[in-house]
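Below: one structure, written as structure tokens.
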2 protein chains.
Amino acid sequence: MTTCATSTSCAAPTNSAASAGRPVVLTGDRATGPLHLGHYAGSLRNRLALQETHDQYLLLADSQALTDNAGDIAKVRDAVMEIALDYLAVGVDPAKSTICLQSQLPALAELSMLYLNFVTVARLERNPTIKDEIRARGFGRDIPAGFLCYPAAQAADITAFRATLVPVGADQAPLIEQSNEIVRRINATAGVPVLPEAEALIPAAGRLPGIDGRNKMSKSSGNAIPLSATPEQIAAAVRAMFTDPQHLRAADPGRVEGNVVFAFLDAFDPDAAEVARLKEHYQRGGLGDALLKRRLDDLLQGLLAPIRARRAALARDPGHIRAVIRQGVQRARAITGQTRDEVFGALGLFQP
Amino acid sequence: MTTCATSTSCAAPTNSAASAGRPVVLTGDRATGPLHLGHYAGSLRNRLALQETHDQYLLLADSQALTDNAGDIAKVRDAVMEIALDYLAVGVDPAKSTICLQSQLPALAELSMLYLNFVTVARLERNPTIKDEIRARGFGRDIPAGFLCYPAAQAADITAFRATLVPVGADQAPLIEQSNEIVRRINATAGVPVLPEAEALIPAAGRLPGIDGRNKMSKSSGNAIPLSATPEQIAAAVRAMFTDPQHLRAADPGRVEGNVVFAFLDAFDPDAAEVARLKEHYQRGGLGDALLKRRLDDLLQGLLAPIRARRAALARDPGHIRAVIRQGVQRARAITGQTRDEVFGALGLFQP
């Protein structure tokens, strides 16, 4: 599936991002705050690979962030710039990946509203991801309607770009299934396969834990290392990192499972054989936390120093970031608008 | 409140429809079928008056019709043309009223999706109009999400045009209250009164009954007289019209309450004094149904003949109707897009 099979607007983009023949991948981030090492391990670095082989669209998901942050729009607004900085700092290339802003793409809202007619309230309420997230947020009965409806909005995001591949965490897979259900209903109603189904791309590695080892890394849990962390913040985070509370002396045998330092080494150390050797040594006894933490600190300092430097340089020119987003929006408007027209046309809505 | 207080795009319209200083009225019809005499009595003829004194927007509400007709899009599509013909046939002047198509106005979907974050699922479920309509349609648990959400979409319609006056039936008044609730939340969040509240304009006369006298007139009840009715259809409808089943002979006293012929005379006979005299005579006894029905048939033939003739002439040139809708869409896009920009800006969303 390509973006441009029937699109006349695909002539407009002048760089390789919309080159024909590549599979389309849609991903992005809810605009609720700057990104951290958990995002880097779980998705950002995959995007660097994907942009070489796919038509990749990165959605700065401010509209979706509003579904549970309507009371703090300043946070959502500021996060858009922070996340765009993070993207560029880690090496996302706007000539290869289209970075675009959800609230600036009317076709996404138009398709969302359309799709809401093809899914029942009961089906939305049964969605396991939504059920979990409603519970996690403590909404009770006061669920914002936009939050309940966001699976339809996500289906709009995916289909508007004609994405066939959507990188998501395992807990988000039901949302892709929901999107495909809507696709099948739209195609059945239209009588032609106007939209492609999408596949979830679930990373082999699990989520990176936070430094406290209690939950996955997240800003709201206060256990995250942001991509913009200073050398001191990195060092402090590594020092505070949860290991094995029973491993009181270096000579004692230690546990690897649940040990955050090893989880980080698994995620970031390029020398897997050495990490395996260190694990074995740690479990046997005789390997202290201090040595491991020094290794990890070196690794993270080396990983984040160039990202932090690029991020700081980019942050000095917000006009450039805005221009990157504007160009992405322009490209994304052409593609999503085309899909909107094709879907409305295939369904047989009145065309004046 | 005017459409153009802060709008730069208001320079574009070249006719009086967007003339500054007039209050804005939004009305329209769900695109589910051609209009009938019930619409004429309850709303269409009021619009002829309103277009002389107000900035009037008439929404061909195809998107809203999809919320409970996603399985019959052809009906919705065809109804758009039929209703536009009805509007022009009764005397709506596209130079005075803006006739526009809901699905062609992306800002309505954008505002709808935004507003869904400012209303809870519980609040939507409590809406008396929605509760009644869910019952009437027998949706049970299988309510399309779009149907539950349509009060937010209606708030988008009203506010996008900055309408301060919305003609609705008494049963629809809760929807205006729901819209105003959303307006207050948006304004409170923005910290500025970016949107005006609207007032329901509820017609003094109740709804016109169907010819069977059992329900209000509606196509689905099979008790309607369409605006395009032929002379024979009008005559047959008047003959079949429910009067007083106890009024077997002209000499008997008859009942006026629930008598459809009198309801129609109340609605359409310009000589109210004569209708009052006829009622009194009927109740006293000595006035037969045949005489009343002849009077009503004459009235309706006289009312509908020119509408039918204009409608038939207009129907021969669908290209003209499409052009009228296109012009209305263009005008409405400028105004609704401006409101969308103002709302997103006032709320402080990221502007690239």
Checklist entry - Of the residues B:Ala188, B:Ala200, B:Ala250, which is aliphatic (A, V, I, L, M), surrounded by fewer than 20 Cβ atoms within 10 Å (Cβ to Cβ) and part of a helix (DSSP H, G or I)? => result B:Ala188
Checklist outcome for this item: Within region B:188-228, residues of a type in the set (Gly, Ala, Ser), in contact with a Leu (Cβ under 8 Å, 6 or more places away or on another chain) and more than 13 Å from B:His39 (Cβ to Cβ) come out as B:Ala190, B:Ala198
Checklist entry - Could you list, in sequence order, the residues of region B:148-194 that are of a type in the set (Lys, Arg) and at negative phi? => result B:Arg184, B:Arg185
Checklist entry - Is there a residue in region B:185-192 that is in the same structural domain as B:Ser43 (by TED's automatic domain parsing) and of a type in the set (D, E, K, R)? => result yes
Checklist entry - Could you give every pair whose Cβ atoms fall below 6 Å, whose first residue belongs to region B:93-119 and is among the acidic types (Asp, Glu), and whose second residue is at pLDDT 95 or above and assigned to a helix (DSSP H, G or I), counting only separations of at least 6 or pairs across chains? => result B:Glu110/A:Pro106; B:Glu110/A:Ala109; B:Glu110/B:Arg340
Item to check | Verdict on B:Ala240 being open to solvent by 20 Å² or more (accessible area, probe 1.4 Å) and not polar (S, T, N, Q) | outcome: yes
Next on the checklist: Kindly evaluate B:Leu227 against the criterion of being within 30 Å of B:Leu304 (Cα to Cα), open to solvent by less than 30 Å² (accessible area, probe 1.4 Å) and not β-branched (Val, Ile, Thr).
Outcome noted: yes
Checklist outcome for this item: When A:Lys96 is run through (1) at the interface with another protein chain (Cβ under 10 Å from one of its Cβ atoms); (2) open to solvent by 10 Å² or more (accessible area, probe 1.4 Å); (3) among the charged types (D, E, K, R); (4) in contact with a strand residue (DSSP E or B) (Cβ under 8 Å, 6 or more places away or on another chain), the failure sits at (1)
Next on the checklist: Tell me yes or no: at least one residue of region B:102-110 is more than 30 Å from A:Asn69 (Cβ to Cβ), open to solvent by 10 Å² or more (accessible area, probe 1.4 Å) and more than 8 Å from chain A (Cβ to nearest Cβ).
Outcome noted: no
Next on the checklist: Which count do you get for residues in region B:253-276 that are among the charged types (D, E, K, R) and in a helix (DSSP H, G or I)?
Outcome noted: 2
Checklist outcome for this item: Over region A:211-253, the set of residues among the basic types (Lys, Arg) and either closer than 16 Å to A:Gln301 by Cα or over 25 Å from the mean Cα position of the chain (by Cα) (or both) is A:Arg239, A:Arg249
Checklist entry - Here are some conditions: (1) under 18 Å from the mean Cα position of the chain (by Cα); (2) within 14 Å of chain B (Cβ to nearest Cβ); (3) not acidic (Asp, Glu). A:Met113 meets all but one. Which one does it not meet? => result (1)
Next on the checklist: Please go through region B:75-88 and give me each residue that is surrounded by fewer than 21 Cβ atoms within 10 Å (Cβ to Cβ) and closer than 21 Å to A:Val119 by Cβ, ordered by number.
Outcome noted: B:Lys75
Next on the checklist: Condition first: under 11 Å from B:Met113 (Cβ atoms) and facing chain B (nearest Cβ under 7 Å). Can you find one or more residues in region A:120-128 that meet it?
Outcome noted: no
Checklist entry - Residues in region A:277-299: is at least one within 14 Å of chain B (Cβ to nearest Cβ), farther than 26 Å from A:Leu58 by Cα, open to solvent by 30 Å² or more (accessible area, probe 1.4 Å) and assigned to a helix (DSSP H, G or I)? => result no
Item to check | Test: residue in region B:152-172 that is crowded, with 19+ Cβ neighbours inside 10 Å, more than 23 Å from A:Leu114 (Cβ to Cβ), under 19 Å from the mean Cα position of the chain (by Cα) and among the charged types (D, E, K, R) | outcome: yes
Next on the checklist: Can you find, within region B:137-181, the residue that is nearest to the other protein chains (Cβ to nearest Cβ) among those that are assigned to a strand (DSSP E or B) and aliphatic (A, V, I, L, M)?
Outcome noted: B:Val166
Checklist entry - In region A:44-67, which residues are more than 8 Å from chain B (Cβ to nearest Cβ) and of a type outside the set (A, V, I, L, M, F, W, C)? => result A:Arg45, A:Asn46, A:Arg47, A:Gln51, A:Glu52, A:Thr53, A:His54, A:Asp55, A:Gln56, A:Tyr57, A:Gln64
Checklist entry - With respect to the numbered conditions (1) open to solvent by 30 Å² or more (accessible area, probe 1.4 Å); (2) assigned to a helix (DSSP H, G or I), which one is the sole condition not fulfilled by B:Leu124? => result (1)
Checklist entry - In region B:36-82, what residues are within 21 Å of A:Pro352 (Cβ to Cβ), of a type in the set (Gly, Ala, Ser) and part of a helix (DSSP H, G or I)? => result B:Ser63, B:Ala65, B:Ala74, B:Ala79
Checklist outcome for this item: Only one of B:Arg333, B:Arg322 is touching a helix residue (DSSP H, G or I) at 6+ places or on another chain (Cβ under 9 Å), within 9 Å of chain A (Cβ to nearest Cβ), charged (D, E, K, R) and surrounded by fewer than 21 Cβ atoms within 10 Å (Cβ to Cβ), namely B:Arg322
Checklist entry - Can you pull out the residues in region B:89-121 that are in contact with a helix residue (DSSP H, G or I) (Cβ under 6 Å, 6 or more places away or on another chain) and assigned to a strand (DSSP E or B)? => result B:Ser97, B:Thr98, B:Ile99, B:Cys100, B:Leu101
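The values are calculated or read from the model by the stated rules, or taken from the named source; none is laboratory data. Bear in mind that the values here come from a model prediction, so they are computed numbers and not experimental data. As a convention, Cβ positions derive from the backbone with ideal geometry for all residues, glycine included, and neighbour counts pool all protein chains shown. Ligands, DNA and RNA are stripped out before the accessible areas are found, and what is left, the full protein with its side chains, is counted by its heavy atoms. Shrake-Rupley method; radii C 1.70, N 1.55, O 1.52, S 1.80 Å.
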